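Here's the structure, in structure tokens; my notes come after.
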Amino acid sequence: MEASLPFRIMVRGALVLDTPIVLVLVVGAVDPALLGSIQHLRAYNPDDYPLVLRIASSYTLIAVTPHVLTEVAYFITKVRGSTGAELRLKFGELVQAFRERKPPTRRLARRAEFRWLDVADCSLLDAAGRNDVLFTGDAKLMDQQLRLGGQAINLNHLRDRAWADPGL
């Protein structure tokens, strides 16, 4: 599905990726048909990969946090056999293209959101600067990013708009 975006992206800062977005990029690059068919990826489908890739391709700087990378690594190590080996290789390649932002966990634990968001989510809120865009599929995380005055894109919203208007 090659869909145009339902909005214009103003690329000034980095695109900061949440765990599911990195997973879609890694798995989609190996075999998009795996999206929706393996554990931890049941909420995604093969049509998500080109949509995520299109967003990511419009940014020159892609940022992640070590907490997100750790979650992604954990999830892909659950895939066994040659597919798991391919996923680990692709993950290693993609990591080379990411800019890693490393907010200290001590600071994350002091955030008000730490009471109701996990460490990886708090790291994203901390790492996303004023001109950056947080790319997630998590409504709570997106809502908090917007409440803090930041920018966010929700994969579910993009997917809903693409399904509602296949001509997008």
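The values are calculated or read from the model by the stated rules, or taken from the named source; none is laboratory data. Keep in mind the model is a prediction, meaning the values are calculated, not measured. Virtual Cβ from ideal backbone geometry, glycine too; neighbours counted across all protein chains shown.
A single member of GLY92, GLY28, GLY81 is touching a Pro at 6+ places or on another chain (Cβ under 9 Å) and of a type in the set (Gly, Ala, Ser), and it is GLY28.
A single entry from LEU124, LEU155 fulfils the requirement of being in contact with a helix residue (DSSP H, G or I) (Cβ under 8 Å, 6 or more places away or on another chain), more than 19 Å from HIS40 (Cα to Cα), touching a residue at least 24 places away in the same chain (Cβ under 8 Å) and surrounded by 15 or more Cβ atoms within 10 Å (Cβ to Cβ): LEU124. The single condition from (1) outside any helix (DSSP H, G or I); (2) modelled with pLDDT of 95 or more that VAL52 fails is (1).
Residue count for the stretch 45-97 under the criterion of being polar (S, T, N, Q) and touching a Lys or Arg at 6+ places or on another chain (Cβ under 9 Å): the result is 3. State yes or no: is LEU41 in a loop (DSSP other than H, G, I, E, B) and surrounded by 18 or more Cβ atoms within 10 Å (Cβ to Cβ)? So LEU41 fits the description; yes.
Within the stretch 78-105, residues that are within 23 Å of TYR59 (Cβ to Cβ) sit with their Cβ atoms under 9 Å from residues that are part of a helix (DSSP H, G or I) and of a type in the set (D, E, K, R), at 6+ positions apart or across chains, in these pairs: ARG101/ASP126; PRO103/ASP126. One residue alone among TYR59, TYR74 is out of contact with any helix residue (DSSP H, G or I) (no Cβ under 7 Å at 6 or more places or on another chain), aromatic (Phe, Trp, Tyr) and in a helix (DSSP H, G or I), and that residue is TYR74.
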